[in-house]
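The values are calculated or read from the model by the stated rules, or taken from the named source; none is laboratory data. Small disclaimer: the values here were computed from a predicted structure and weren't measured. Don't worry about glycine lacking a Cβ; one is built from the backbone with ideal geometry, like all the others, and counts go over all protein chains shown.
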Amino acid sequence: MAPQRLSRTVLVGSFQGYGRPREGWLIGGEFERALVRPDGQPVGYFEPDGIRWVLEQLLASGDWTPEYEGDNLIALWQGTASITLEPGGQVELSGAPHATLGALAVEMRENRRALLELTRDRPLRWIACGLTPVADVEDVPWVPKGRYDVMRAYLPQYGELAHFMMKGTCSVQANFDFSDEADCARKVRMSSGIAPLTTAVFANSPLYRNQPTGFKSYRGHVWTRTDPARTGFPKALREGYTHEGWVDYLLDVPMMFYKVDGRWRPAQGRTFRTYMEGGLDGRYPGDEEWRLHQTSVFPEVRIKSTIEIRGADCVDHELALAFCALYTGLMYDDGALSDAIDLAAELERHGTHAERFELAIRQGPAAELGGRTMADWARDLGEIARKGLARWGTRDLPLLDPLLARLEDGRCPADDLLDAWARDPDPAAIIEHVRY
């Protein structure tokens, strides 16, 4: 039987079919890290001890299945977990979904151990930072992936810092289940509303070319200069999410690329709706093309079969786990979710979302909003998450502690990095400070 042609009705129906019973809710983490020389200069894919070599060593030492594009090793797979490459060679662990934060932490720490062991006796440093702090983005070599070739040409037409996003940034992300559309809507409402707060407290990209940028999260600024059609989060969906509204958003975001017989082709701004209804090159998209298109939008919150939270700079491994713990406490306890929605509504009484986000990326927790600092608002959020996590899984509470300690101090990692730079701006010292 021929596969069913995609249509808006079919796509909305697929989202209506998503959801997992509460007792089966899982958590997934995504962790990007950059590899640099001890002086902060970039490491290329083809160098003898470069990015390809890293993947080859991980493949040889673990139970991974390789993925190639032509002759180039571009990813490793292990069940539902993967290790993939961002355009500038950033190495991302997309972990398996786990029933507990403890299991997620074991997976992430084992991956970190493997990465550090690989580079232990080599002039290489893994760093945890939202933006490469020393190297010039123009000097960062491109990873040889056809998808990135198309994005490389397309995105700068719509944002002057698009190549910064592609080659220079790193983040931590987390994925969560929902039970049905109403539950998804509440979680989207909360997570999109508090996004400026989490951007502020996890800000960790104040330097570029070893100079202060004027931002606590320059990575956050980069995203505002990438492509407004596919970044941020639609206001209407923040205020009233529906699966239909989300599908319409995805259908009308301009496509960057599509694949024909394994070859990447530029879509030249056509929408997926156009592709679906009228075809391209005499063919119509299938489920794989739809899944691919969904990965080409970069909002603060991305909805697929799970909810992906995307708003934090890359931070050290313990704080990255605290990011996952924070949202677990907020997402998976009804009382905490309700309280966090109320807090988001209070935040939204003060300025527009864009204004709140600009304060967050420039000033971090010290930014003032409604007569309070963002650190004050974030302490309230942290307490909501702590109570929610205690009710959901007491054993996981210690994973939240590194964030709670920072919230008490009212500081973000960018504050520490700027202090370190003021003490000793030597590039090697900066790389040691952000070493993973």
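Evaluate the following for P97: is it buried (at least 17 other Cβ atoms within 10 Å of the Cβ) and over 21 Å from I127 (Cβ atoms)? Taking the combined requirement at face value, the residue satisfies it. In this structure, is T373 of a type in the set (S, T, N, Q) and either modelled with pLDDT of 95 or more or touching a helix residue (DSSP H, G or I) at 6+ places or on another chain (Cβ under 9 Å) (or both)? For T373, the condition - of a type in the set (S, T, N, Q) and either modelled with pLDDT of 95 or more or touching a helix residue (DSSP H, G or I) at 6+ places or on another chain (Cβ under 9 Å) (or both) - is met. Of the strands (runs of 3 or more DSSP E) lying entirely inside the range 1-83, those containing at least 1 residues that are farther than 30 Å from K187 by Cβ and more than 22 Å from the chain's Cα centre (by Cα) are 65-69, 72-78. Sort through L197, L207 and tell me the only one that's crowded, with 20+ Cβ neighbours inside 10 Å, farther than 23 Å from L321 by Cβ, among the hydrophobic types (A, V, I, L, M, F, W, C) and over 15 Å from the mean Cα position of the chain (by Cα). That would be L207, the only listed residue that is crowded, with 20+ Cβ neighbours inside 10 Å, farther than 23 Å from L321 by Cβ, among the hydrophobic types (A, V, I, L, M, F, W, C) and over 15 Å from the mean Cα position of the chain (by Cα). Of the helices (runs of 4 or more DSSP H) lying entirely inside the range 94-168, the ones with 3 or more residues being among the basic types (K, R) are found at 101-119.
Do we find that L73 is touching a helix residue (DSSP H, G or I) at 6+ places or on another chain (Cβ under 8 Å), surrounded by 15 or more Cβ atoms within 10 Å (Cβ to Cβ) and without any contact (Cβ under 8 Å) to a residue 40 or more places away in the chain in this structure?
yes
For the range 393-436, the candidate set comprises residues that are of a type in the set (G, A, S) and buried (at least 19 other Cβ atoms within 10 Å of the Cβ); within that set, the residue that is nearest to L321 (Cα to Cα) is G393.
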